[in-house]
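A short worksheet on the structure shown next.
The values are calculated or read from the model by the stated rules, or taken from the named source; none is laboratory data. Keep in mind that what you see is a predicted model, and the values were worked out from it rather than measured. All Cβ positions, glycine included, derive from the backbone under ideal geometry; neighbour counts span all protein chains shown. Just so you know, the surface numbers come from the protein's heavy atoms only, side chains and all, with ligands and any DNA or RNA stripped out. Shrake-Rupley method; radii C 1.70, N 1.55, O 1.52, S 1.80 Å.
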Amino acid sequence: MAELDQKHLHGEMTAWRHDLHAHPEFGFEEKRTSAFVAQKLREFGLEVAEGIGGTGVVGTLTRGSGNRAIALRADMDALRIAEQGTQDYRSRTPGTMHACGHDGHTSMLLGAAKLLASEGGFDGTVRFIFQPAEEWGRGALAMLDDGLLQRFPFEEIFGLHNMPGLGVGRFETGAGPIMSAEDNFEIMLKGVGGHAARPHSGNETLVAACALVTNLQTIVSRRLSPADIGVVSVTELITDGTRNALPGLARILGDARSFRPEVSAEIEKQMRRIAEGTAQAYNVSAEVTYISEFVPLVNDAALVDEAFTAARSVLADDAVGVAVEPMTGSEDFARFLDHVPGCFVFLGNGNSAPLHNPSYDFNDEGLLHGARFHAAVVRQRLPTG
């Protein structure tokens, strides 16, 4: 097997990343991105399957005679955010940008595929999973529903995400729940609107909605155990009122985060109770829609240890650390962990803008770190001889 020039590989990954960044695509619309990924994987000599779960791609690479298979996953989709960057490779698609670094994740996994295809150093099968629609929590389920595990079986899975504020070349993960569930809710208040000068003649909904927004804050502070982590955030309040007309309809939207199904169920229970009680107090009606979008991401303890060992083999030992606090952000990588054990890790993106910020950009200095970590995991989990 030929040993790759890593400086040249880094240059290639940077060019790939810039191309992907300039052509962002929203979830399940990643046709150009998927074609780009499939073309590169074929150039590296992998078996390639396209259209998995809509726009997903799976590359397969086998070396030796080992019968074990593991998977590495990257996400490909962009966000509906207008980019404010000024770089030459900024988004050419108005209103859409790679504001979460999925262009970097895809490029790192492509780099790992080229590295492993060229150098080998493992015995078994690797599935390179390029997933659509992570941002709205549908891509992993779509690939699973399309028979991912039956058509491309694997025993364990690894994934990563860049992390602004963590130094480039630094690595963190932890065992157990590391990222939260995300539930979305909508509460519809219905009453009788009317003239702003005559509030007593109807049952307007805006005052009730304001009271309900305040009352929802007591779910975490007064209804959950202090030992449980929970977040309830109202993000939108929409009415049909105008300057001199009181609204008869109000919509309250938001999301809730938690790390255990029992906590999620309790948040929903208390939300329905508070909405009903508040609506009754203001003589309006309430309808609650509560949907689970993301499940908690729970890392397998044994595979976390393996990930630490792999990271220390390619990064400075003092750059590898434990993620002490679980994140209340969500990741649909968790859907894979409902079926096989796995580990999700964070790699530093340096002092960049935050994720989902219109000025965010993935740090190209981290590309080689991600590719080398992926390859190290494969070689450790599928050792030769």
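Given the conditions (1) within 20 Å of the chain's Cα centre (by Cα); (2) at pLDDT below 95; (3) exposed (fewer than 15 other Cβ atoms within 10 Å of the Cβ), report the number of the one that M327 does not fulfil. Checking M327 against (1) within 20 Å of the chain's Cα centre (by Cα); (2) at pLDDT below 95; (3) exposed (fewer than 15 other Cβ atoms within 10 Å of the Cβ), the one that fails is (3). Meeting the requirement of 1 or more residues that are among the hydroxyl-bearing types (S, T, Y) and either in contact (Cβ under 8 Å) with a residue 24 or more places away in the chain or crowded, with 17+ Cβ neighbours inside 10 Å (or both), the strands (runs of 3 or more DSSP E) wholly within the range 26-109 are 56-63.
Just one of (1) open to solvent by 50 Å² or more (accessible area, probe 1.4 Å); (2) farther than 25 Å from V48 by Cβ fails for G230. It is (1). When D361, D317 are checked against the criterion of being within 20 Å of the chain's Cα centre (by Cα) and either more than 26 Å from L148 (Cβ to Cβ) or surrounded by fewer than 16 Cβ atoms within 10 Å (Cβ to Cβ) (or both), a single residue qualifies: D361.
Please find, among G174, G165, the residue that is within 30 Å of A310 (Cβ to Cβ), within 19 Å of the chain's Cα centre (by Cα) and buried (at least 20 other Cβ atoms within 10 Å of the Cβ).
Checking each option against the conditions leaves just G174.
Given the residues F346, F333, which is the only one that is within 13 Å of H161 (Cα to Cα), surrounded by fewer than 21 Cβ atoms within 10 Å (Cβ to Cβ) and either without any contact (Cβ under 8 Å) to a residue 24 or more places away in the chain or under 18 Å from the mean Cα position of the chain (by Cα) (or both)?
Details: F333 fails: surrounded by fewer than 21 Cβ atoms within 10 Å (Cβ to Cβ).
Residue meeting the stated conditions: F346.
Here is the figure for the range 275-299: residues that are among the hydrophobic types (A, V, I, L, M, F, W, C), surrounded by fewer than 23 Cβ atoms within 10 Å (Cβ to Cβ) and part of a strand (DSSP E or B) total 3. T125 passes every criterion in (1) open to solvent by less than 30 Å² (accessible area, probe 1.4 Å); (2) assigned to a helix (DSSP H, G or I) apart from (2).
Of the residues in the range 181-197, none is at pLDDT 95 or above, open to solvent by less than 10 Å² (accessible area, probe 1.4 Å) and in a loop (DSSP other than H, G, I, E, B).
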